[in-house]
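These notes are about the structure you will find just below.
No value in this document is a laboratory result; all are computed from the given coordinates. Being a predicted model, the structure only gives us computed values, none of them experimental. All Cβ positions, even for glycine, are placed from backbone atoms using ideal geometry, and neighbour counts span all protein chains on display.
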Amino acid sequence: MPTEPTTRPAPEQHETRSVRGTVSLGRRLASRLRPGDCVVLTGTLGAGKTALVRGLAEGLGLADGRLVASPTFVLVREYPARCPVFHIDLYRMADADGELEALGLGEMLRDGVVLIEWGERAPAALPADCWRIEIAITGPKARQFSVRPRSGQNA
Ligand SMILES: Nc1ncnc2c1ncn2[C@@H]1O[C@H](COP(=O)(O)OP(=O)(O)O)[C@@H](O)[C@H]1O
Ligand SMILES: [Mg+2]
């Protein structure tokens, strides 16, 4: 199906009411990810980016989602799944574009899926065509997810 940038569909909306619900949403979304996909996760501290990554990694085949933690002291964590899953957090990066390039994003995307918290901080280093997930805190335990799939992958 041809994709016209001008007629791009509105982002999908999902709501969760618990951490468990967010992990479960991640597992469902993961069934639509393929090696070569890059997912940019946007949302304030505590929004649930890492919780969603846990579900995404589990859905991609990581046996134990408890292995997923924010890569705060390392720049990137790699989880064993059906394909390599790379988890990056650009929160503290002064030069997020430079760091992302130095990490070898292109190499990771050759056969892996890359999940990037605060990925919007590296606009120049991101591939042109990423999944975009924006998370808003809508209540003490409620979260709103706006999901824009990679173009051509809206199924
Ligand atoms: N529906 C929800 N989904 C995800 N996290 C939630 C939800 N409701 C409450 N929380 C809390 O919000 C925090 C999310 O943390 P985390 O996933 O590390 O966020 P981020 O990576 O965006 O900083 C956790 O403390 C979690 O318990
Ligand atoms: Mg986090």
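Among beta bridges identified by DSSP and lying wholly in region 13-142, the antiparallel ones come to about 25 percent.
When only the Cβ of Lys, Arg, Asp and Glu is charged (+1, +1, -1, -1), the dipole of region 19-69 relative to its Cα centre reaches about 120 debye.
What is region 53-103 by shape, rounded, prolate or oblate, if you read a ≥ b ≥ c off the alpha carbon gyration tensor as root eigenvalues and call it rounded for a/c under 1.5, prolate for a/b larger than b/c, and oblate otherwise? It is prolate, given that a/c is not under 1.5 and a/b is the larger ratio.
Once the trypsin sites (Lys or Arg not before Pro) in DSSP loops with at most 14 neighbouring Cβ atoms within 10 Å are cut out of the chain, the longest remaining piece is 18-81. Each of S31, S151 was scored by other Cβ atoms within 10 Å of its Cβ. Listed from fewest to most, they are S31, S151. Compared with the alpha-carbon gap, the fully stretched path from R8 to R66 is longer by 17.3 nm at 0.36 nm per residue. Tell me whether the chain comes out rounded, prolate or oblate; compute the Cα gyration tensor, take square roots of the eigenvalues as a ≥ b ≥ c, and use a/c under 1.5 as the rounded threshold. Taking the square roots of the gyration eigenvalues as a ≥ b ≥ c, the chain is rounded. Full extension of the chain between M93 and R20 gives 23.4 nm of extra length, using 0.36 nm per residue less the Cα-Cα distance.
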